[in-house]
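Each remark here refers to the structure printed beneath this line.
What follows draws every value from the coordinates through simple rules; no lab data is involved. Not measured: the values here are computed from a predicted model. Please note: Cβ atoms are built from the backbone with ideal geometry, for glycine as well, and neighbour counts cover all protein chains shown.
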Ligand code: GLN
């Protein structure tokens, strides 16, 4: 049996926009070409490739893993199942970090738990004369960050560390530390639904109350911060007052929070 693109587009199990994204991946052609050539018959090999992606999508696998990339801050980042898929709300963390870089200060930035490198690389690309370090506990995640830094020509340093565990004085101090750590409570039912089922659990939850990595970062960060440096953390919808409290207890000043596009307090930080 032979199938044309038009036949595949008639499938009502998936939205047309998703069918087009999957076809773009399989046929390696832009959407405009696919729409303009929808009477083309596709080969058996490509048909079975497409059906595999379609069935996995129907089973809930995130589009980003199926096509192997996700857009973040206007760039395409390679992703696979060893990294969290960059979220639109995390763009706030990048904006807040960039806005707190004072021209008078140096420009050394650290992204803890960098995953695919989306935050570290986006900050690097938005600012000239900047030095960016990304760290991660997971070597597979670091290899994805490495691929993205090459692909996007971002000359960042990547290091293997569980938060600050492998840092020493040779690492020097930073002007901005950012992190989107695993902050979901281990019993949160969202871990069992939607995209999160397919993402690395280690990147989503601390297997405790969601605050343990955040407090670890807050208590150790000052050893690696220059005077006047800022620490910015992404956190869950109900964690801002606790994060503010932890920052104040650790001696941070100018403690402040920012709302994401859905009106949720999503980023909190302060300076030393
Ligand atoms: N923002 C993600 C979510 O709730 C979680 C990311 C994280 O734990 N750092 O889906």
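Descriptive notes on the structure:
- Antiparallel beta bridges, as assigned by DSSP with both residues in the chain, represent about 45 percent of the total such bridges.
- Largest first and in whole Å, the equivalent-ellipsoid semi-axes of segment 199-249 read 21, 13, 10, each the square root of five times a Cα gyration tensor eigenvalue.
- Take every Cα pair under 8 Å whose residues are at least 6 apart in sequence, average their separation, divide by the length of the chain, and the relative contact order is 14 percent.
- Debye equation applied to the C-alpha atoms of segment 102-206, log10 I(q)/I(0) at 0.16, 0.17, 0.21, 0.24 Å⁻¹: -0.73, -0.81, -1.09, -1.27
- The alpha-carbon atoms of segment 132-174 define a convex hull whose volume equals 63 cubic angstrom per residue.
- Using alpha-carbon coordinates, inclination of helix 240-249 to the longest axis of the chain, degrees: 30 degrees
- Per-pair calculated FRET efficiency, R0 = 45 Å: residue 131 and residue 46 via Cβ, rounded to 0.05: 0.50
- In this label model, residue 188 and residue 238 are separated by 1.0 nm, measuring between points 7 Å along each Cα→Cβ vector.
- Range of Cα positions in segment 86-136 per principal axis (Å), largest first: 30, 20, 15
- Note on segment 1-117: the alpha carbon radius of gyration divided by the globular reference 2.2 N^0.38 Å gives 1.41.
- The ellipsoid equivalent to the alpha-carbon distribution of segment 35-173 has semi-axes of 35, 17, 12 angstrom, derived from the gyration tensor eigenvalues as √(5λ) and listed largest first.
- Size-normalised alpha-carbon gyration radius of segment 1-62, reference 2.2 N^0.38 Å: 1.01
- Shape metrics for the chain, restricted to C-alpha atoms - Rg then Dmax, Å: 20.8, 69
- Tail weight of P(r) past 15 Å, computed on alpha-carbon pairs of segment 51-94, percent: 46 percent
- Among 20, 247, 211, the largest mean-square fluctuation in a Gaussian network model of the chain (Cα springs under 10 Å) belongs to 20.
- The angle separating the long axis of helix 44-58 from the principal Cα axis of greatest extent in the chain is about 50 degrees.
- For segment 228-272, the Kirkwood hydrodynamic radius comes to 10.4 Å, computed from all pairs of different C-alpha atoms.
- Normalising the average separation of contacting C-alpha pairs (under 8 angstrom, six or more residues apart) by the number of residues puts the relative contact order of segment 3-123 at 19 percent.
- Helix-only CD estimate at 222 nm, as mean residue ellipticity for the chain, using -39500 (n - 2.57) per DSSP H run (n ≥ 4): -10000 deg cm²/dmol
- Acute angle (nearest 10 degrees) that the helix 139-151 long axis makes with the longest principal axis of the chain, alpha-carbon atoms: 80 degrees
- Between 59, 111, 206, the Gaussian network model of the chain with springs among Cα atoms under 10 angstrom shows the greatest mean-square fluctuation at 59.
- Listed residues 191, 208, 66, most fluctuating in the chain (Gaussian network, C-alpha, under 10 Å): 208
- Prolate/oblate/rounded call for segment 134-267, Cα gyration tensor, a/c under 1.5 rounded: oblate
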